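Here's the structure we're looking at; comments come further down.
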Amino acid sequence: MTARTSYADGAFCWVDLMAHDIDVSREFYCQLFDWTLQRQDTQGGPAYYIFKHASGQSIAGFGAMPEEIKQQDVPPFWKSYVNVDDITTACEGVEQLGGTITMPIMPVMQYGTMAGIADPAGANVMLWQKGEHFGAELVNDVGAFCWNELATRDIEGAQKFYGELFGWQFERSEGSPSTYFNIKNAVAGGESHLNGGMIEMTEQWGDAPPHWRVYFSVADADAAIARIIELGGSMCVQPFDVEIGRIAIAADPEGGTFSIIQMNVPPD
């Protein structure tokens, strides 16, 4: 099991879902991944929950989409969070590099501080500076998030933006049928760790906007797909095989999309 107690600066540390209907989403994800739900004390603020792995470790977050956003016909969506040591400096860097602050820096009680940003192409991602909450207690294992992936039409621009903002490095994956780069994040001692991926959007993507997508690890992709359908979800991209495993893209009953992967390599 890949248990965590901290995350390096620039590492993905958390994911959460903005749902339309709390009950529908809770039922779907808890049954699909064998999660349980724990309500957080938000001191009178909007309800927020923590998805817990079967082991009891925190996996992801879950809340209701604000009504004003929901009324704009925005479907439910998963957000990815990047851990930063200094969120003020990071936000200054976003604007200097041509990005946008979509959610100003906001303290989240004692848990930490967050902000929303968009890269120059418009893909949204969150920043998190930890307080009592450092992020997911379990990653990469079955039932946990294991990968964060940017789909963009401007690979070079994205590499420049994120490389300068977070110090990320990029390594082309030669085994991918599409133009694909692995993201590596520098850590103490001069090493770098895999931290996600970046895929080039082609005409086959239609008018889909650039976006970050979350992957969850499953023991059996085909069994998970059958369960998704049984629970009222749907398939966006049918399963396909890559070097490290079997992947599919699905949608929950309200239209929130996510990816699953049955990995054939050990968790890293």
Open item on the list: I'm checking a number: the convex hull volume of the Cα atoms of the chain, normalised per residue, in Å³. What is it?
Closed with: 131
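Give the carbon-plus-sulfur fraction of the accessible surface of the range 137-268 in %, rounded to a whole number; probe 1.4 Å, heavy atoms of protein chains only. Numbers along the way, then the final one.
On the way: 3080 of 6300 Å².
The nonpolar share, carbon plus sulfur, comes to 49 percent.
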- [ ] Take the alpha-carbon centre of the range 229-268, take the same for the range 129-189, and report the distance between them in whole Å.
- [x] 18
Open item on the list: Between I22 and N264, what is the label-point separation in nm under the 7 Å Cα-to-beta-carbon projection?
Closed with: 4.3
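About its Cα centre, what dipole magnitude does the chain give when the only charges are +1 on Lys and Arg Cβ and -1 on Asp and Glu Cβ, stated in debye to the nearest 20? Mind showing how you got there, number by number?
On the way: 14 positive and 36 negative charges, 68 e Å.
Using Cβ point charges on Lys, Arg, Asp and Glu, the chain gives about 320 debye.
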- [ ] Pull out a ≥ b ≥ c, the square roots of the eigenvalues of the alpha-carbon gyration tensor of the range 91-149, then state rounded if a/c is under 1.5, prolate if not and a/b is larger than b/c, and oblate in the remaining case.
- [x] oblate
Task: Projected area averaged over orientations for the range 1-56, convex hull of C-alpha atoms, nm² - done: 5.3
TODO: Taking the dipole about the Cα centre of the chain, with the C-beta of Lys and Arg at +1 and of Asp and Glu at -1, give me whichever of A158, A8, F77 is farthest to the positive side.
DONE: A8
Open item on the list: Above 24 Å lies some portion of the pair distances; for the range 58-156, what is it as a whole percent of all C-alpha pairs?
Closed with: 29
Task: Helix-derived mean residue ellipticity, 222 nm - over the chain, DSSP H n ≥ 4, -39500 (n - 2.57), to 500 - done: -5000 deg cm²/dmol
Task: Average accessible area per residue (Å²) across the chain - probe 1.4 Å, nucleic acids and ligands excluded - done: 47
Task: Area of R153 that stays accessible when all protein chains are in place (1.4 Å probe, Å², to 10) - done: 110
Task: Accessible area (Å², 1.4 Å probe, nearest 10) - D141 - done: 30
Open item on the list: Within the chain, how many Lys pairs that are eight or more residues apart, or on different chains, come under 27 Å at the alpha-carbon?
Closed with: 10
Open item on the list: Can you tell me the convex hull volume per residue for the range 150-227, based on C-alpha atoms, in Å³ to the nearest whole number?
Closed with: 140
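Just to be sure I understand: of the beta bridges DSSP finds with both ends in the chain, what percent are antiparallel, rounded to 5? Could the numbers behind the result be given before it?
On the way: 60 of 74 bridges.
If we restrict to bridges inside the chain, about 80 percent are antiparallel.
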Task: Distance between modelled label sites at T89 and I244, nm, 7 Å Cα→Cβ extension - done: 2.8
TODO: Evaluate the relative contact order of the chain (contact order divided by residue number), counting alpha-carbon pairs under 8 angstrom at least 6 apart; express in whole percent.
DONE: 19
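The values are calculated or read from the model by the stated rules, or taken from the named source; none is laboratory data. Values in this document were obtained by computation on a predicted structure and should not be read as measured data. For neighbour counting, all protein chains shown are included, and Cβ atoms are generated from backbone atoms with ideal geometry for every residue, glycine included. With ligands, DNA and RNA removed, areas are computed over all heavy atoms of the protein, side chains included. Shrake-Rupley method; radii C 1.70, N 1.55, O 1.52, S 1.80 Å.
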